[in-house]
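Worksheet for the structure shown next.
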Amino acid sequence: MNVFDILQILIFPGILFLLLLAFFYEWIDRKTYAKAQNRYGPATAGPAGLFQPVADFLKLLSKEDIVPAVCDRLLFSVTPIIYLALPLTALFVIPIASNSAIAAFEGDLLFVLFVFALMIITVFLGGWSSRNRYSTIGGVRAMLQMMSFEIPLALALSGPAIAAKSLSISTISQWQSGSTWLILLQPIGFGVLVICLMAELETAPFNIPESESEVVAGWRTEFSGRKLALIRLGKNLELVLASALIAALYLGGIQDFYVIPAVVVFLIKTVLIVLLFSFLRTIFARLRLDQTIAGMWKYLLPLAILQIVLVELGLGIG
Amino acid sequence: MTSGIPYILPVVFVASILTALLIYSLGGRLAPKSTQTKEKNAPYSCGEQGPVNEAKIDLERFLTFAIYFLIFDVVAFVTMTSFYAGDFLPVVYSAIVLAAVGMLGFARKNYKIRQKALLFP
């Protein structure tokens with residue numbers, strides 16, 4: 001490990017770049033969401049409100065950090081830090097600025113799946129350590145939702161792995177340059193993955209764990225100040241992770257395209273996915289918890305299994 | 001290309017944790033000193049006196065989904081690593097697991113009785 005590696009981890013395409021990207025994608029998401037609802041959205045800070053997420057983050061950082069007396073203090077303080085660190089780590093196994101990721105290894109697809117599961121467990125622990133009614137209810141809801149979407153998510157991720165005969169995201173991403181895009185070969189898997197990642201991100205049709213106007217703010221009711229700032233940043237990084245994962249697995253992968261460098265390809269494809277997420281969350285209304293779970297088990301899981309059966313039969317391998 | 005040993009991943013994880021801690025301590029510098037009052041330290045409950053006892057987690061709902069989750073997790077893992085194995089081995093494994101799901105479907109007819117025996121022997 002030399003100086004170049006350390007610079008890669010810390011600045012580009014490492015931590016600093018990813019944090020800035022998280023703020024940028026939050027701006028895109030909020031702006032699209034507002035435009036679709038005939039609102040202006042963030043408008044004051046910077047050109048077209050570009051710095052509004054940063055301003056919000058700094059405001060939250062400078063607010064008083066209140067810890068209620070009944071809370072489990074240690075767990076309550078550790079949860080936001082883990083919540084930020086997990087998606088930040090997982091983004092290093094996804095190719096961003098070159099054909100292969102910085103921390104790529106054979107089996108990093110399973111690592112990403114593990115991170116997605118662990119984030120929901122962190123959510124549950126955060127809600128549970130608050131010892132608040134609303135937080136506990138939100139955490140339990142997040143856990144029940146995770147139990148229903150985790151299996152279709154794993155199956156949707158395994159379709160590309162079987163097609164490319166590799167469990168490494170970088171290898172799958174490069175395999176698509178010699179073949180067709182996997183969205184054309186396995187369209188059902190792409191749909192299932194988008195729906196599951198929307199449930200993972202807790203966006204609109206699946207935002208029952210943090211449903212405002214129902215259980216105050218769900219599992220993050222008691223978090224304030226710097227803890228809430230870390231949680232919001234972690235959520236934005238999760239959005240970057242989800243869009244980067246879909247782009248790498250299904251949208252032809254992230255690699256140098258003739259003269260266009262890989263970063264530009266990454267930005268174009270992930271922004272498209274973020275726009276898709278924003279539109280979908282504008283269109284749909286919130287589902288009840290039982291509707292979500294029944295829908296996932298009754299419709300999404302058979303669809304995911306159907307896709308795997310088609311892949312095993314030799315269709316959709318390319 | 002992909003290396004055999006993921007030596008860089010622990011380094012990245014430590015770097016991420018340190019970043020989070022840095023932001024956390026920065027927030028501690030920026031924020032005003034917190035003052036303690038009785039109202040501020042109370043758990044949020046819409047301005048009213050909240051219930052004193054802790055909320056119970058509905059174990060029964062968890063258990064049903066947890067059993068199915070465990071079974072289908074095996075299916076997902078088998079399919080994920082199926083390209084390493086022979087042609088029909090993953091199909092056989094998946095068929096065994098799906099048969100287990102079918103068994104569970106029969107067992108759910110008297111599920112309530114079984115669960116009571118399981119939880120309160």
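What the table shows:
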| item | result |
| --- | --- |
| Of the criteria (1) at the interface with chain B (Cβ under 8 Å from one of its Cβ atoms); (2) in a helix (DSSP H, G or I); (3) basic (Lys, Arg), which one A:LYS63 fails | (2) |
| Test: A:THR136 is within 12 Å of chain B (Cβ to nearest Cβ) and either in a helix (DSSP H, G or I) or among the polar types (S, T, N, Q) (or both) | yes |
| Residue match in segment A:217-238 (condition: part of a helix (DSSP H, G or I), farther than 30 Å from B:ILE57 by Cα and out of contact with any strand residue (DSSP E or B) (no Cβ under 8 Å at 6 or more places or on another chain)) | no |
| Residues being modelled with pLDDT of 90 or more, not in a loop (DSSP other than H, G, I, E, B) and not polar (S, T, N, Q) - total across segment A:239-263 | 10 |
| Selected residue [more than 7 Å from chain A (Cβ to nearest Cβ), exposed (fewer than 15 other Cβ atoms within 10 Å of the Cβ) and modelled with pLDDT under 80] from B:GLU54, B:GLU60 | B:GLU60 |
| Residue within segment A:12-30 that is in contact with a Ser or Thr (Cβ under 7 Å, 6 or more places away or on another chain) and either of a type in the set (Gly, Ala, Ser) or farther than 27 Å from B:GLY28 by Cβ (or both) present | yes |
| Test: residue in segment A:149-168 that is more than 26 Å from A:GLY234 (Cβ to Cβ), over 16 Å from the mean Cα position of the chain (by Cα) and assigned to a loop (DSSP other than H, G, I, E, B) | yes |
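The values are calculated or read from the model by the stated rules, or taken from the named source; none is laboratory data. No experiment lies behind these values; they were computed from the predicted model shown. Because the Cβ atoms are built from the backbone with ideal geometry, glycine has one as well, and the counts that use them run over all protein chains shown.
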